[in-house]
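See below for the structure under consideration.
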Amino acid sequence: MRVAVFSSKSYTEQTFDAVNASFGHELVYLEPRLDRRTATLAAGFKAVCAFVNDELDAGVLGELQRHGVRLIAMRCAGLNNVDLGEAARLGLTVMNVPAYSPYAVAEHAVALMLALNRRIHKAFNRVREGNFSLEGLTGFDMHGSTVGIVGTGKIGVCVARILNGFGCRLLTFDIQRNPEVEALGARYVELPALFAHADIVTLHCPLVASTRHLIDAASLNRMRRGAMLINTSRGALVDTAAVVEALKSGQLGYLGLDVYEEEEDLFFEDRSQKVLLDDTFARLLTFPNVIITGHQAFLTRDALDAIARTTLQNIADFENRRTSTRIVPLDRLKKS
Ligand code: NAD
């Protein structure tokens, strides 16, 4: 099938080309992000392949449909950037990659925890400048620390396994209990209790209406003073303005982000020659106890390979009119 691949990068092309050798789709790589200005590039394609920061709102979906697009093959798990109700109304099929490598994201979340705790970002720069002072680099043992995991699905359970190996105490919250997490000795509690007792809070739930700004001024105030917050899930789970205030007051002791609520206009591009216009983001960058990565938690060779395989199989299934469990089920459409 002819597919317009939006937001394409060199690593997208390399992996998709390698995997596509056994599928034979005609992939046309397009650098621009999919939005209202660029949707017209999909004219003549039956399928588009899009990523986390592409904009698939009602307007864009309508235009894609008018151009003859019938399949939206998302090469990611989260569907928060797709108006699923409108897609269903327009008769567009939306497919995603429900699981690729939960290890990639879980390991990145733990990397952020360790780097923040042991101030690796500070130590790296100091040693390179010949400064071997240890002042201000004191960390804490992960062993015996309490970690609150919000969302114990595929990624949350991997985080729980890794941290269990470190000897952390695990508190968890989810709308659905995962017996595998309980078997590790983790204790499901309500969110206020998790916030009150955790030294580290790490977010692994999806972004839906009920989880938007799950971390706001009230939840930050419930946390232990000086706690660490890690978000590798979706930016809008966190009210960034509230987090800035909590960092200023010392209520929040560390912040590790791989996602940001306004990341669409920032991430995945080299903006080093441009003035940063987002004042909230700029303020975040001034804190010594904040580490931000630009939505790279998924970026391992293994994850990219799995993403390409599932996406290209999804497209083949659609083309061959095979029903697939990867087609977003109707009950999920209704929830979003
Ligand atoms: P998953 O569906 O396996 O697990 C999500 C879990 O969250 C489920 O157990 C679900 O019951 C739970 N949940 C749903 N609503 C909740 C709520 N209101 N409160 C608490 N828990 C709730 O998904 P996953 O594969 O573990 O991925 C988790 C999230 O990670 C995705 O939604 C996505 O946003 C994010 N993600 C980020 C990257 C990255 O590169 N940074 C990559 C992949 C996924």
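What follows is calculated from the coordinates using simple rules that are stated; it is not laboratory data. Model, not experiment: these values are computed from the prediction. Because the Cβ atoms are built from the backbone with ideal geometry, glycine has one as well, and the counts that use them run over all protein chains shown.
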Sort through ASP17, ASP35 and tell me the only one that's closer than 28 Å to ALA297 by Cβ and assigned to a loop (DSSP other than H, G, I, E, B).
ASP35
Applying the selection to segment 279-295, what residues are farther than 21 Å from ARG118 by Cβ, surrounded by fewer than 17 Cβ atoms within 10 Å (Cβ to Cβ) and under 20 Å from the mean Cα position of the chain (by Cα)?
THR280, GLY294
Hey, among MET142, MET113, which residue is in a helix (DSSP H, G or I), out of contact with any Pro (no Cβ under 9 Å at 6 or more places or on another chain) and crowded, with 18+ Cβ neighbours inside 10 Å?
MET113
Among the residues of segment 192-203, are any closer than 26 Å to LEU84 by Cα and in contact with a helix residue (DSSP H, G or I) (Cβ under 8 Å, 6 or more places away or on another chain)?
yes
Matching entry among LEU171, LEU134 (being over 14 Å from MET113 (Cα atoms) and part of a strand (DSSP E or B)):
LEU171
Does GLY148 fit the bill of being within 16 Å of the ligand (Cβ to nearest atom) and either without any contact (Cβ under 8 Å) to a residue 60 or more places away in the chain or at positive phi (or both)?
yes
Lone qualifier among ARG177, ARG222 - being of a type in the set (Lys, Arg) and within 13 Å of the ligand (Cβ to nearest atom)
ARG177
Within segment 70-83, restricting to residues that are surrounded by fewer than 23 Cβ atoms within 10 Å (Cβ to Cβ) and more than 16 Å from the ligand (Cβ to nearest atom), the one that is farthest from LEU41 (Cα to Cα) is ASP83
